[in-house]
Amino acid sequence: TTVLLLNGPNLGILGDREPEIYGYDTVDDIAKSVADEVAEAGWQVVAIQDDHEGGLVQAVHAHRRSTIGAIVNPGALMMAGWSLRDALAAYPAPWIEVHLSNVWARERFRHESVLAPLASGVVVGLGAFGYRLAARALLELCGPDPT
Ligand code: DQA
């Protein structure tokens, strides 16, 4: 069982990118933390970072039947990533949108996500820990029934 972790434009330089806003964890640190959370269920993670919207669209297509859920930080594609939105609309499993920063405490252009209406849930403003929370949410939504 595999979870898809997608990070969009400008997230490949996490750790070095405006760390006062985005923190010091790298995209690899984040992938490890998600792998760590889902390991308890015996799940794996396929982690993809792409600066191009088309690469993210292809990643969603490539993994749409082989993953049980997804965690998506679309970066600035949150505001106008219509192709990514359509790819996620065709993604059959639950997915969670994550933003490291509290986008509503920032510039107005970050206040609206074209993706969020399709997400099972959204985690914002909790830094890299937000990805762990999203992973836990997927365990809850897609994991084995505890009864
Ligand atoms: C971000 C927030 C976006 O507005 C921004 O364009 C990013 C990162 C976040 O994780 O806080 O690239 O998605």
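Throughout, read-outs are computed from the coordinates displayed, never taken from laboratory work. Nothing here was measured: the structure is a model prediction, and the numbers come from that model. Reconstructed Cβ throughout: ideal geometry from the backbone, glycine too, with neighbour counts over all protein chains shown.
Points to keep in mind about this one:
- Taking label positions 7 Å along the Cα-Cβ direction at both LEU126 and ASP16, the computed distance is 2.9 nm, reported to one decimal.
- Relative contact order [Cα under 8 Å, 6+ residues apart], the chain, whole percent: 27
- Spatial separation of Cα centroids for segment 112-147 and segment 16-50, in angstrom: 14
- Cα gyration tensor, segment 8-119 - rounded (a/c under 1.5), prolate or oblate: oblate
- Electrostatic dipole magnitude of the chain [Cβ: Lys, Arg +1; Asp, Glu -1; Cα centre; debye, to 20]: 340
- Summary: within the chain, the longest segment free of GluC sites (Glu not before Pro) located in DSSP loops with at most 11 other C-beta atoms within 10 Å is 41-106.
- A simple spin-label model places pseudo-atoms 7 Å from Cα toward Cβ; at ALA105 and GLU140 they are separated by 2.2 nm.
- Stretching ASP36 away from THR1 to a fully extended chain increases their span by 11.2 nm, per 0.36 nm per residue minus the current alpha-carbon distance.
- As a proxy for reagent exposure, THR67, THR2 were ordered by neighbouring Cβ count within 10 angstrom, fewest first; the result is THR2, THR67.
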